[in-house]
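Each remark here refers to the structure printed beneath this line.
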Amino acid sequence: MKTVAKISLAFGGAILIGGIAAGSWLYFNPNPIDEIKNAVRESLNDPESAKFSKITFNSQTGYGCGLVNARNKLGGYVGKKRFVVSIDDGDVSFDPEKEVPKAPAEQPLSLTMPSTSIGGAMNSLNATLARGREIDAYVAASSSARAENAAFQALVDAKCLNSPREGVYR
């Protein structure tokens, strides 16, 4: 009987030590998906309302990506937004989703001669200059929106998609 007790005690001790080792490993090596969620929550207006989906972690780059839907300051859900998180420094980037502005309406070409008066010529010149400024503003705004959207997509491609992923969690 004493032998059985010694074996039971040794077996129980081994299980206890194994459990402590596993617990400390989990404590010191947290789940990267949890780290990603925590980093994103810290940058939201209402962290408790966050609903995550399609979270991935790339162990080669140390970045996580996914979608989050959370409430805004007014209390309404804003819809799913893409994000990229660096596990190392907790830096979170959200998709800017910049809308590319619509092009200014085309105006028919006028074949009439401008007025011979100085006032009429000035009005025609001012209208042409105003149209030029409108087109310049459109080009600048659309280029900026396209550049921001492309920069975020490049970040996603480089940090989340171009290397093998450890797993997709839903």
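Observations on the model:
- Exceedance of the 21 Å cut-off in Cα-Cα distance is limited, within the set Lys37/Lys159; Lys51/Lys102; Lys54/Lys159, to Lys51/Lys102.
- Close amide H pairs (under 5 Å, H built 1.01 Å from N) link Ile55 with Leu67, Tyr169, residues at least 5 positions away or on another chain.
- Neighbourhood net charge (13 Å Cβ-Cβ; Lys/Arg +1, Asp/Glu -1) for Leu155: -2
Since every read-out is calculated from the coordinates, none of them should be taken as a lab result. What you see is a predicted model; the values in this text were computed from it and never measured. Quick reminder, even Gly has a Cβ in these numbers, built from the backbone with ideal geometry, and neighbours come from all protein chains shown.
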